[in-house]
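Okay, structure first, notes after.
No value in this document is a laboratory result; all are computed from the given coordinates. Everything numeric in this text was worked out from a predicted model, so none of it was measured.
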Amino acid sequence: MQSLLSVQNLSKHYIIMKNSVSKKTVINAVKDISFDIYPGDSLGLIGESGCGKTTTANLVLRLLNPSSGKIFLFGKDITYLDENKMRPYRKDIQIIFQQSGEILDPKMTITELLMEPLKIHRIVKETEYNSEIDRLLSMVGLSPKEKIKYPNQMSGGQMQRVIIARAIATRPKIIVCDEPVVSLDVSVQGQILNLLTKLKKELNFTYLFITHDLKVVRHICSRIAVMYKGEIVEIGDKEEVLNNPRHEYTKQLTESIL
């Protein structure tokens, strides 16, 4: 089976110069990582804050340029495509961000926020915008009546559902979930995770799920990649990694949830 997304020896480093006479400092945010994601897969990328998870997400979404390595999307090398050539791929790989309050424009209604991706990617005809927005809201558990509201009139959980609706609006094949429940109350976290699981079954999405919480990975993912100091130190089926961890850092993670 051909992978939807293939990351090969991917690295991202930053060079910091303190002044004109000091030596440069190289920070390896991501170091020589490789993984594949297959149709219907749900790969959890887990690790502590600052280990390189979000940088990895930004690299595969081509929001950052890598220092080295390759990224293949649907078998095509997208590593160094400029924005014009990358644009046709954007509707097929979407992201669910962790901070909905910072992503949703407070001056736009929910209708306008959901209409935006439909227009940009020409998903449906203009005459179908309203019915498609109603459909998207229903899919994420919101009433179509909510579409006249502004983000600040909604709860955190409702705003996150709008973020999810925007992500699925383009009918993508891959969704990158970057800590999508970290800013929510515990009770709401479970609701959002259940929604993502439901949508995956209904729409056959493929997920790259980024989190620091192994309990979340256990709930939603089929495979796990463990990231530590910019490197993937362990990857495999969920049960194998959880029950027979090989790397010391993975052992510490699994012990923390026992």
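Below is a table of values for the structure above.
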quantity: Relative compactness, segment 101-171, computed as alpha-carbon Rg over 2.2 N^0.38 Å; calculated: 0.98
quantity: Within a Gaussian network of the chain (alpha carbon springs, distance under 10 Å), most fluctuating of GLN94, GLN153, GLN189; calculated: GLN153
quantity: Structure-based [θ]222 nm, the chain - -39500 (n - 2.57) summed over DSSP H runs of at least 4, per residue, nearest 500; calculated: -11000 deg cm²/dmol
quantity: For segment 90-236, diffusion coefficient by Stokes-Einstein and Kirkwood Rh (Cα), 4 °C, 1.567 mPa s, µm²/s; calculated: 82
quantity: Most mobile listed residue (ARG122, ARG223, ARG171) in the chain, GNM with C-alpha springs under 10 Å; calculated: ARG122
quantity: Quarter of Cα convex hull surface for segment 140-208, i.e. mean projection, nm²; calculated: 4.8
quantity: GNM result for the chain, Cα springs below 10 Å: residue of ILE235, ILE33, ILE148 fluctuating most strongly; calculated: ILE148
quantity: Shape parameters for segment 19-105, alpha-carbon atoms, Rg then Dmax in Å; calculated: 15.5, 52
quantity: Coarse-grained scattering of the chain at q = 0.09, 0.12, 0.13 Å⁻¹, given as base-10 log I(q)/I(0) from a Debye sum over alpha-carbon atoms; calculated: -0.43, -0.75, -0.87
quantity: For ILE96, residues with placed amide H under 5 Å, excluding near neighbours; calculated: VAL176, CYS177, ASP178
quantity: Length-normalised contact order for segment 101-171 - Cα pairs under 8 Å, 6+ apart - percent; calculated: 46
quantity: Nearby lysines by direct alpha-carbon distance to LYS229 (threshold 24 angstrom, same-chain neighbours under 8 apart not counted); calculated: LYS12, LYS18, LYS23, LYS24, LYS31, LYS53, LYS70, LYS215, LYS238, LYS251
quantity: All lysines inside 17 Å of LYS198 as judged from Cα atoms, apart from same-chain residues fewer than 8 positions distant; calculated: LYS173
quantity: Fraction of beta bridges assigned by DSSP in the chain that are antiparallel (%, nearest 5); calculated: 55
quantity: Value of relative contact order over the chain, rounded to a whole percent, pairs C-alpha under 8 Å and six or more apart; calculated: 26
quantity: Relative compactness, segment 1-150, computed as alpha-carbon Rg over 2.2 N^0.38 Å; calculated: 1.31
